[in-house]
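Right, one structure below, let's go through it.
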Amino acid sequence: MYDVIIIGSGPAGLAAAIYAQRAKLEMLIIEENYISGGQVVNTYEVDNYPGLPGINGMDLGMKMREHAEKMGAQFARAKVVEIQAEGDVKYVKTETETYETKTVIFAAGAKHRTLDIPGEKEFTGMGVSYCATCDGAFFRNKVTAVIGGGDVAVEDAIFLARLCKKVYVIHRRDELRAAKILQDNLLALDNVEMVWDSVAEEIRGEGVVKELAVKNVKTGETKNLAVDGVFVAVGILPNSELLKDQVKTDRGGYLEAGEDGVTSIPGVFAAGDVRTKQLRQIITAASDGANCVTSVQEYLLTK
């Protein structure tokens, strides 16, 4: 019987493991991937994590893993297939084992919606990004493209326009879905060019991104845009499937939880990108992990 099982080994899960060990809790962290770190391992360079400017994403993930191991955290590599969250005893089932625990910290993260076009996967981290605030500074005085038409896409384009020589915004319709005030702010910028009624067809380059092919959905015409970076902003999908029918979620499928990680089920806590929150960054995920362990300790005191 564990005091806490942590599901996911991104920054939220690893921070939770470190704090759980410091709290002397009987804990286990279950990770599905062969490499710890979550989405950060796909980031070529992390420039906004305090104290470690310019660190490689893979290296940051490994440092967090090494810290957790140094503290004595127990790891199991397995795919969780079911969580029975109700009751004082929770059951976490993998393909080969069933674990019993008093609490669960769910830190399974989220994934960006992808375009599924040629070149996207190949150039991820080498010009293709899913976070303008994370990577925009690397494209100062360069030409970038933002794909999408919602609030996030428009906010990304406005942010990039402050840094970049030129920003293309590619949207499949002839009007944006973003809030009107955001649209007004975007369309007033001289270095932003709208590419209406168009979809991305292919990302090309040599080692790094050099060109984006776009197709007009009304005319069928294809044209190539010379760009240094492509920012994909077509939505995020939380990895909440294992709990979404048990724990209360918002309309986007995120587990409803505040900074304390407390969800609608006693003893189940949510940390990192999978929970409802304003900012999804490495630093906020790590903070969530620490907060969740404090909530776990408070919960266990009542049992």
Notebook entry, point to check: Restricting attention to segment 47-76, which residues are in a loop (DSSP other than H, G, I, E, B), modelled with pLDDT under 95 and of a type in the set (Gly, Ala, Ser)?
Noted result: Gly51, Gly54
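Could you list all residues from segment 292-302 that are surrounded by fewer than 24 Cβ atoms within 10 Å (Cβ to Cβ) and in contact (Cβ under 8 Å) with a residue 12 or more places away in the chain?
Taking segment 292-302 as the starting set, the residues that turn out to be surrounded by fewer than 24 Cβ atoms within 10 Å (Cβ to Cβ) are 294-295, 297-302.
Those that are surrounded by fewer than 24 Cβ atoms within 10 Å (Cβ to Cβ) and in contact (Cβ under 8 Å) with a residue 12 or more places away in the chain: Thr294, Ser295, Gln297, Tyr299, Leu300.
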Check: Considering segment 77-102 alone, what residues qualify as being part of a strand (DSSP E or B), surrounded by fewer than 15 Cβ atoms within 10 Å (Cβ to Cβ) and either touching a residue at least 12 places away in the same chain (Cβ under 8 Å) or among the hydroxyl-bearing types (Ser, Thr, Tyr) (or both)?
Finding: Arg77, Val81, Glu82, Thr98, Glu100
Notebook entry, point to check: Among strands (runs of 3 or more DSSP E) lying entirely in segment 107-185, which contain 3 or more residues that are out of contact with any Gly (no Cβ under 7 Å at 6 or more places or on another chain) and closer than 28 Å to Glu241 by Cβ?
Noted result: 110-112
Check: Among the listed residues Arg251, Arg280, Arg275, which satisfies the condition of being under 12 Å from the mean Cα position of the chain (by Cα), charged (D, E, K, R) and modelled with pLDDT under 95?
Finding: Arg280
Checklist line | Pair list, Cβ < 6 Å and 6+ apart or interchain, from segment 265-279 residues that are touching a residue at least 12 places away in the same chain (Cβ under 8 Å) to residues that are surrounded by fewer than 24 Cβ atoms within 10 Å (Cβ to Cβ) and charged (D, E, K, R) | finding: Asp273/Arg280; Thr276/Asp250; Thr276/Glu256
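Take Tyr168 and tell me if it is closer than 17 Å to Glu193 by Cα, of a type in the set (Phe, Trp, Tyr), out of contact with any His (no Cβ under 9 Å at 6 or more places or on another chain) and in contact (Cβ under 8 Å) with a residue 40 or more places away in the chain. Outline the logic, then answer.
Values: closer than 17 Å to Glu193 by Cα: yes; of a type in the set (Phe, Trp, Tyr): yes; out of contact with any His (no Cβ under 9 Å at 6 or more places or on another chain): yes; in contact (Cβ under 8 Å) with a residue 40 or more places away in the chain: yes.
So Tyr168 passes the test.
Considering segment 194-230 alone, what residues qualify as being out of contact with any Leu (no Cβ under 9 Å at 6 or more places or on another chain) and among the acidic types (Asp, Glu)?
From segment 194-230, those out of contact with any Leu (no Cβ under 9 Å at 6 or more places or on another chain) are 196-198, 205-210, 215-223, 228; that's our starting set.
Once the filter is applied, which keeps residues that are out of contact with any Leu (no Cβ under 9 Å at 6 or more places or on another chain) and among the acidic types (Asp, Glu), segment 194-230 yields Asp197, Glu206, Glu221, Asp228.
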Check: Tell me, which residue of segment 200-225 that is more than 28 Å from the chain's Cα centre (by Cα) and among the β-branched types (Val, Ile, Thr) is farthest from Thr114 (Cα to Cα)?
Finding: Thr219
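For (1) buried (at least 18 other Cβ atoms within 10 Å of the Cβ); (2) farther than 23 Å from Arg113 by Cβ; (3) touching a residue at least 24 places away in the same chain (Cβ under 8 Å); (4) of a type outside the set (Val, Ile, Thr), each residue gets a yes or a no:
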| position | (1), (2), (3), (4) |
| --- | --- |
| Asp151 | no, no, yes, yes |
| Asp156 | yes, no, yes, yes |
| Arg177 | no, no, yes, yes |
| Gln183 | no, no, yes, yes |
| Leu189 | no, yes, yes, yes |
| Ser198 | yes, no, yes, yes |
| Val227 | yes, no, yes, no |
Next item on the list: Please identify the pairs in which a residue from segment 231-247 that is touching a residue at least 12 places away in the same chain (Cβ under 8 Å) and at positive phi has its Cβ atom under 7 Å from the Cβ atom of a residue that is of a type outside the set (Phe, Trp, Tyr) and in a loop (DSSP other than H, G, I, E, B), counting only partners at least 6 apart or on another chain.
Entry: Gly235/Arg113
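The values are calculated or read from the model by the stated rules, or taken from the named source; none is laboratory data. Just so we're clear, the structure is a prediction, and the values are computed from it rather than from any experiment. So basically every Cβ, Gly included, is an ideal-geometry build from the backbone, and we count neighbours across all protein chains shown.
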